[in-house]
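Attaching a single structure in structure tokens format; questions to follow.
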Amino acid sequence: MRTDANCIFCKIVAGEIPCFKLYEDDLTIAFMDINPGNEGHALVIPKEHWEDIYVIPSALLGATMQTVKKIAEAVNKTLSPYGMNLVQANGKGAAQSVFHFHMHVLPRAKDDELKLNWGLRPGDMDAIKGVHERVKKNILA
Ligand code: DGP
């Protein structure tokens, strides 16, 4: 299995450091985040070490998202939060701090002021159309 001896999440997968484990299957594991944005903040990771969205194999991403759904449903049932964000960071510029792909299952509280929403401002349709054309050309078959 792909692993990185210096990765904190690989150490959790290997059982070398403890975690509050919620769930585990052959490919994925879910546990509580130790720096929670809100009560119930959980993480879902593939057991294999893949740094980010660009390199994780699609099938493994699919397996990870299946576990995300399981955990999000359980957190929602347990805490009935005001809302739920699924968050995932790629690169330092996106505030990724652990370079082992992970999904945040992040319950929201009313007026919690977590800084991950950008508000709804009207977009410039020409600018949207322009970037739409550029990104579309780079979608792989
Ligand atoms: P990110 O910044 O998106 O890469 O998220 C990394 C998250 O991992 C962050 O919310 C804190 C959490 N975290 C870091 N180290 C540990 C750890 O040793 N155990 C657990 N359970 N969570 C950790």
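Just so you know, all these numbers are worked out from the coordinates, no wet-lab data involved. A quick note: this is a predicted structure, and the numbers were derived from the prediction, not measured. With ideal geometry, Cβ positions are generated from the backbone for all residues, glycine too; neighbour counts draw on all protein chains shown.
Being touching a helix residue (DSSP H, G or I) at 6+ places or on another chain (Cβ under 7 Å) and among the aliphatic types (A, V, I, L, M), is that true of even one residue in the stretch 43-60?
Checking the stretch 43-60: at least one residue is touching a helix residue (DSSP H, G or I) at 6+ places or on another chain (Cβ under 7 Å) and among the aliphatic types (A, V, I, L, M).
Select, from Arg121, Arg108, Arg134, the only residue that is surrounded by 12 or more Cβ atoms within 10 Å (Cβ to Cβ), at negative phi and among the basic types (Lys, Arg).
The match here is Arg108.
Looking only at the stretch 18-67, which residues are of a type in the set (Val, Ile, Thr), touching a Ser or Thr at 6+ places or on another chain (Cβ under 9 Å) and without any contact (Cβ under 8 Å) to a residue 40 or more places away in the chain?
Correct list: Thr28, Ile29, Thr64.
Turning to a different aspect of this structure: Please enumerate the residues belonging to the stretch 38-84 that are aliphatic (A, V, I, L, M) and more than 17 Å from Leu22 (Cα to Cα).
Ile53, Val55, Ile56, Ala59, Leu60, Leu61, Met84
Among the residues of the stretch 76-92, which ones are out of contact with any helix residue (DSSP H, G or I) (no Cβ under 8 Å at 6 or more places or on another chain) and more than 17 Å from His102 (Cα to Cα)?
Taking the stretch 76-92 as the starting set, the residues that turn out to be out of contact with any helix residue (DSSP H, G or I) (no Cβ under 8 Å at 6 or more places or on another chain) are 76-80, 82-83, 85, 87-92.
Hits for the stretch 76-92 are Asn76, Lys77, Thr78, Leu79, Ser80, Tyr82, Gly83.
I would also like to ask the following. Return the total of residues in the stretch 71-128 being charged (D, E, K, R) and in contact (Cβ under 8 Å) with a residue 60 or more places away in the chain.
The qualifying residues number 2.
I'm checking my understanding of the structure. Among residues of the stretch 14-26 that are out of contact with any strand residue (DSSP E or B) (no Cβ under 6 Å at 6 or more places or on another chain) and hydrophobic (A, V, I, L, M, F, W, C), which one is farthest from the ligand (Cβ to nearest atom)?
Ala14
Could I ask something else about it? Given the conditions (1) surrounded by 14 or more Cβ atoms within 10 Å (Cβ to Cβ); (2) more than 14 Å from the chain's Cα centre (by Cα); (3) within 10 Å of the ligand (Cβ to nearest atom), and given that Asn38 satisfies all but one, which numbered condition is not satisfied?
(3)
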